[in-house]
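Written out below as structure tokens is the structure these notes cover.
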């Protein structure tokens, strides 16, 4: 946003401040509808189904099995969310998809790079874009505090319009395939009947997928296998 529209214009609200109510409300929906169930799912595998998060081979199998399923699940959730109706004070209730189409009708189709952007006078960038009506929404604040425990003084909405140096970062390790080429082909042949994603529409069936494939993978890497 700053590259396209310039700095110090309030085009983007940096950081995890609760005054960015719109994105915080969306994160609540993402967590409740998608993220929480997958987090609890992986915690269950670790607690009861022999997932070892320090085992590189386990991480490889985890990525192999569940990244496609997570992507499918996220796509379905996003499609559903984009078509659900949002309540807006003083405006017609519309879905995000309808608002997007309405914006195209009113302003024309365009990409990120706008040929000529009108400068907008912003008196106080620090408070620009704050939804004061929802700033004290306890549901949003509880979600924010749970997922941002080190956010400093979250009671002060007036923060610098610059990125924090300690923003959350998750390093996803590269996982190395534990199989030789021959073992991998044999393993893929064994699990092919299990890889129909339409069979895994709930977390219980996905848990069984992990248990079965972990057993097969372990047998393939045993000596003389």
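Tabulated values for the structure
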| read-out | value |
| --- | --- |
| Count of residues meeting criterion [closer than 17 Å to residue 200 by Cβ, touching a residue at least 40 places away in the same chain (Cβ under 8 Å) and surrounded by fewer than 17 Cβ atoms within 10 Å (Cβ to Cβ)] in the range 42-68 | 4 |
| Filtered residues of the range 87-98 (kept if within 25 Å of the chain's Cα centre (by Cα) and in contact (Cβ under 8 Å) with a residue 12 or more places away in the chain) | 95, 96, 97 |
| Total residues in the range 177-225, condition touching a residue at least 60 places away in the same chain (Cβ under 8 Å) and closer than 22 Å to residue 34 by Cβ | 7 |
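Yes/no per residue for (1) modelled with pLDDT of 65 or more; (2) closer than 30 Å to residue 48 by Cα; (3) assigned to a loop (DSSP other than H, G, I, E, B):
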| site | (1), (2), (3) |
| --- | --- |
| 136 | yes, no, yes |
| 161 | no, no, yes |
| 187 | yes, yes, no |
| 192 | yes, yes, no |
| 223 | no, yes, yes |
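The values are calculated or read from the model by the stated rules, or taken from the named source; none is laboratory data. These numbers come from a predicted model, not from an experiment. Here the Cβ is made from the backbone with ideal geometry for all residues, glycine too, and neighbour counts use every protein chain on show.
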